[in-house]
Amino acid sequence: MTPIISARGLTKRFGRTLAVDHIDLDIPPGRIVGLIGPNGAGKTTALKAVLGLCTYEGELSVLGKNPSTQRASLMEDVCFIADVAVLPRWIRVHQLIDITENLHPGFKRERCMEYLAQTKVTPNQKVKQLSKGMVAQLHLALVMAIDAKLLVLDEPTLGLDIIYRKEFYTNLLNDYFDEQRTIVITTHQVEEVEHILTDLIFIQDGRIALEATMDQVQERYVELMVKPEKAIEARNLHPLYERELFGRHIFLYDNVSRDKLHDLGELHTPSVADLFVATMKGGVS
Amino acid sequence: MNRLLALVRREFWENKGSFRTTPLVIGGFFIVSMLMGIINMNQFDSDGYTTSMAVEELGKMSAEMRGEVLYQGMLGSSVMFTVVMSFVIFFYLLGALYDDRKDRSILFWKSLPASDTMTIASKLLTAMVLVPLMFLAAMIVTHLLMAIIGSIAIGMSGGNPWTLFISESNPFKVWGMVTASWLANSIWALPLYGWLLLVSSFAPRVPLLFATLPPLIFSVLQGWIEFLQTFTLKNNIGSMIKDWFFNSPAILTAEMGDEGAGIALGVPLSGHFDHAVTLGNMLDRLFSLQMLVGLAVAAVFLFGAHWFRRRATES
């Protein structure tokens, strides 16, 4: 299958600093990819390159197009939500729908209205009269009514309360996602997205620290909780990362057989958040 | 094409206040002034001069003269629309590529399948055509209302509005001339429009300063260098901009007869263009060497605006 996004040596410099440092990447269709990294790791910059919003070095192909020269035509098949604050504040809801309909060949008005009907947003309201949560609902309604092949979400729920955040991802998963579509999400709220992701990419200092499917993650990584007296033994098995919780030692292992570990203590599948911290602090490659 | 029009409509939505309300306010100003004048003449002491006397005087004029007075009067009333419109366009273009960068909504606009070229074209088209059309519509409505009020006033003062007034007026010629002059000016002003869009596309803040300071500083410096040198440069930037502005084909003054150079905004018109209000004189500017140079300058500015617009989301 041809990848939706394909990057070779993707690099972005700001002066002397490398925001994105020679990234190679292939994202196939039908995936929900979590792009996760600490602040300033280069997530947003990498996504901007994908969306044709910044210049870059290296090769990059999105849906077979070159984003830096073909942004307008690429946007017919790509949607993105940067964060809740980017809808123009002066515009009225019906005007926003009109212009999206006029510019987007794949926009289905009925679908958008259907979705908006479930919210408190009314057509005559101005965006500045809406609450942050309602703006997010409006933006999602617009995006869900577009028959796009790639959806990029860069911190789409920043500053929203938990109810809106849950609803946002539920709608996305139930009403939008299918085998043809690919979604790329960056967020700091890893716990909220980890159960919907199919793929995980950790990015650190502009480089990919980890790239795996969720299945691979579950196969490869295991978390072991041991009592202090077994800690030294556990440490000898080269864990990626170690932490202490309520007097117990917790170790995270990459590719260590579960049989070996079983005798030492309790085994768990690590959460993405724990894996993330371990990867960032442990400096795994 | 539909996409371009959709983008122009977007500009209208965003700027409804200045594009639609402003010319209506000017029209309202004319109507109110006219009503006040009529009331003043009849109800209060105005040195004994009443509308009846005015109507009588109008009756003494030859039909030809009445037509000329009406024509010049209507043309003159367009000057206020022209001047205010220039300000509206100036500030519109200054914010056109700036405001959405400031509030970050550029990220939404760039998520739509509209190229940067098309976005800039829509802003230019708005300034060159949409705004003049809005002002034209308001001016026509104003003229019609004034004609109705004038006719009633003449009728009430014992005159026949048809023979004294309506039949001698030539509104279509006035509207046609004003439209032609505005559209001609849209082309003539392209270097300025291009410059404003360029500034708007890169200014980190206060685009007004970025738009006005560089030409100002350049003119002062050039004037200073000139002063220090024994020979004088023929044209400095300041005088070039001034000449360009006063050579505009926009009707800035209603001239009686053909005395040549008139007075616009209190400054004598200079340069070798004929300032009489004729279509020929408008075309004369559009097909001049200056225009060609101006278009080249405008193209450079617009190219720059596009360059910055493409990179507006870099960091």
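The values are calculated or read from the model by the stated rules, or taken from the named source; none is laboratory data. Please read these numbers as outputs of a predicted model, since none were measured by experiment. Cβ atoms come from the backbone with ideal geometry, glycine included; neighbour counts cover every protein chain shown.
Within 24 Å of residue A:104 (Cα to Cα), touching a Lys or Arg at 6+ places or on another chain (Cβ under 9 Å), modelled with pLDDT of 85 or more and surrounded by 22 or more Cβ atoms within 10 Å (Cβ to Cβ), is that true of residue A:142?
Values: within 24 Å of residue A:104 (Cα to Cα): yes; touching a Lys or Arg at 6+ places or on another chain (Cβ under 9 Å): no; modelled with pLDDT of 85 or more: yes; surrounded by 22 or more Cβ atoms within 10 Å (Cβ to Cβ): yes.
Answer is no for this residue.
Given region B:66-140, what helices (runs of 4 or more DSSP H) lie entirely inside it while holding 1 or more residues that are of a type in the set (Lys, Arg)? Full working, then the answer.
Working: elements: B:99-102, B:106-109, B:116-125.
Output list reads B:99-102, B:116-125.
Hey, residue A:69 hits all of (1) surrounded by fewer than 16 Cβ atoms within 10 Å (Cβ to Cβ); (2) touching a strand residue (DSSP E or B) at 6+ places or on another chain (Cβ under 6 Å); (3) under 26 Å from residue B:307 (Cβ atoms) but one; which does it fall short on?
With (1) surrounded by fewer than 16 Cβ atoms within 10 Å (Cβ to Cβ); (2) touching a strand residue (DSSP E or B) at 6+ places or on another chain (Cβ under 6 Å); (3) under 26 Å from residue B:307 (Cβ atoms) applied to residue A:69, the lone miss is (2).
Residues are listed down the side, and each one gets a yes or a no for (1) within 14 Å of chain A (Cβ to nearest Cβ); (2) within 30 Å of residue B:56 (Cβ to Cβ); (3) out of contact with any Phe, Trp or Tyr (no Cβ under 8 Å at 6 or more places or on another chain):
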{"site": "B:101", "(1), (2), (3)": "yes, no, yes"}
{"site": "B:105", "(1), (2), (3)": "yes, no, yes"}
{"site": "B:109", "(1), (2), (3)": "yes, no, yes"}
{"site": "B:129", "(1), (2), (3)": "no, no, yes"}
{"site": "B:155", "(1), (2), (3)": "no, yes, yes"}
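Just one of (1) in contact with a Pro (Cβ under 8 Å, 6 or more places away or on another chain); (2) within 14 Å of another protein chain (Cβ to nearest Cβ) trips up residue B:122, so point out which.
Residue B:122 satisfies all of (1) in contact with a Pro (Cβ under 8 Å, 6 or more places away or on another chain); (2) within 14 Å of another protein chain (Cβ to nearest Cβ) except (1).
So residue A:255 clears everything in (1) surrounded by fewer than 13 Cβ atoms within 10 Å (Cβ to Cβ); (2) touching a helix residue (DSSP H, G or I) at 6+ places or on another chain (Cβ under 6 Å); (3) touching a residue at least 40 places away in the same chain (Cβ under 8 Å) except one condition, right? Which one?
(3)
How many residues, within region B:131-153, are β-branched (Val, Ile, Thr) and either touching a Phe, Trp or Tyr at 6+ places or on another chain (Cβ under 8 Å) or at pLDDT 95 or above (or both)? Explain how you work it out, then say what you get.
As a first pass, look at region B:131-153 and keep what is β-branched (Val, Ile, Thr): B:131, B:140-142, B:148-149, B:152.
Cutting the leftovers down to either touching a Phe, Trp or Tyr at 6+ places or on another chain (Cβ under 8 Å) or at pLDDT 95 or above (or both) gives us B:131, B:140-142.
The total comes to 4.
Here are A:10, A:47, A:25, A:60: which of them is outside any helix (DSSP H, G or I), of a type in the set (A, V, I, L, M, F, W, C) and within 15 Å of residue A:186 (Cβ to Cβ)? Reasoning before the result, please.
Working: A:10 fails: within 15 Å of residue A:186 (Cβ to Cβ); A:47 fails: outside any helix (DSSP H, G or I); A:60 fails: within 15 Å of residue A:186 (Cβ to Cβ).
After applying the criteria, what remains is A:25.
State all residues of region A:133-162 that are away from chain B (no Cβ under 14 Å), assigned to a helix (DSSP H, G or I) and over 27 Å from residue A:179 (Cα atoms); if no residue qualifies, say none.
Result: A:133, A:134, A:162.
Counting only residues that are over 18 Å from the mean Cα position of the chain (by Cα) and farther than 30 Å from residue A:20 by Cβ, give me the helices (runs of 4 or more DSSP H) lying completely in region A:206-276 with at least 2 of them. Working first, answer last.
Values: elements: A:214-220, A:231-235, A:258-262.
By residue number, A:231-235, A:258-262.
Could you say which residue among B:68, B:56, B:11 is within 14 Å of chain A (Cβ to nearest Cβ) and among the acidic types (Asp, Glu)? I'd like the intermediate steps shown before the answer.
Values: B:68 fails: within 14 Å of chain A (Cβ to nearest Cβ); B:56 fails: within 14 Å of chain A (Cβ to nearest Cβ).
Checking each option against the conditions leaves just B:11.
From the residues in region A:99-110 that are part of a helix (DSSP H, G or I) and either of a type in the set (Phe, Trp, Tyr) or touching a Phe, Trp or Tyr at 6+ places or on another chain (Cβ under 8 Å) (or both), which one is nearest to the other protein chains (Cβ to nearest Cβ)? Before the answer, list the steps.
Of region A:99-110, the ones part of a helix (DSSP H, G or I) are A:99-103, A:109-110.
Now restrict to residues that are either of a type in the set (Phe, Trp, Tyr) or touching a Phe, Trp or Tyr at 6+ places or on another chain (Cβ under 8 Å) (or both): A:100-101.
Details: A:100: 7, A:101: 9 Å.
Looking at the filtered set, the residue picked out is A:100.
Taking residue B:273, is it among the aromatic types (Phe, Trp, Tyr), at pLDDT below 75, outside any helix (DSSP H, G or I) and within 25 Å of residue B:85 (Cβ to Cβ)? Working first, answer last.
Values: among the aromatic types (Phe, Trp, Tyr): yes; at pLDDT below 75: yes; outside any helix (DSSP H, G or I): yes; within 25 Å of residue B:85 (Cβ to Cβ): yes.
Yes: the conditions hold for residue B:273.
Determine which single condition residue A:106 fails, assuming it passes every other condition in (1) surrounded by 19 or more Cβ atoms within 10 Å (Cβ to Cβ); (2) in contact (Cβ under 8 Å) with a residue 40 or more places away in the chain.
(1)
Among the residues of region A:73-98, count how many are at the interface with chain B (Cβ under 7 Å from one of its Cβ atoms), assigned to a helix (DSSP H, G or I) and at pLDDT 95 or above.
To start, the set of residues in region A:73-98 that are at the interface with chain B (Cβ under 7 Å from one of its Cβ atoms) comprises A:73, A:75-76, A:79-80, A:82, A:85-91, A:95.
Restricting the remaining residues to those that are assigned to a helix (DSSP H, G or I) gives A:73, A:85-86, A:95.
Going one step further and asking which of them are at pLDDT 95 or above, we end up with A:95.
Residues flagged as at the interface with chain B (Cβ under 7 Å from one of its Cβ atoms), assigned to a helix (DSSP H, G or I) and at pLDDT 95 or above within region A:73-98 amount to 1.
Can you find, within region A:194-224, the residue that is farthest from residue A:169 (Cα to Cα) among those that are among the acidic types (Asp, Glu) and free of Cβ contacts under 8 Å to residues at least 24 places away in the same chain? Walk me through how you get there before you give the answer.
Taking region A:194-224 as the starting set, the residues that turn out to be among the acidic types (Asp, Glu) are A:194, A:199, A:205, A:211, A:215, A:219, A:223.
Among the residues that remain, those that are also free of Cβ contacts under 8 Å to residues at least 24 places away in the same chain are: A:215, A:219.
Working: A:215: 21, A:219: 26 Å.
For region A:194-224, the residue satisfying everything is A:219.
So that you can scan it fast, the table gives a plain yes or no per residue for (1) of a type in the set (S, T, N, Q); (2) surrounded by fewer than 16 Cβ atoms within 10 Å (Cβ to Cβ):
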{"residue": "A:14", "(1), (2)": "no, yes"}
{"residue": "A:17", "(1), (2)": "yes, yes"}
{"residue": "A:23", "(1), (2)": "no, no"}
{"residue": "A:37", "(1), (2)": "no, no"}
{"residue": "A:46", "(1), (2)": "no, no"}
{"residue": "A:49", "(1), (2)": "no, no"}
{"residue": "A:64", "(1), (2)": "no, yes"}
{"residue": "A:85", "(1), (2)": "no, no"}
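Within region A:55-62, is even one residue at pLDDT 90 or above and within 11 Å of chain B (Cβ to nearest Cβ)? First the steps, then the outcome.
Going residue by residue through region A:55-62, those that are at pLDDT 90 or above are A:55-62.
Applying the additional criterion that residues be within 11 Å of chain B (Cβ to nearest Cβ) yields A:55-56.
Yes - at least one qualifying residue is present in region A:55-62.
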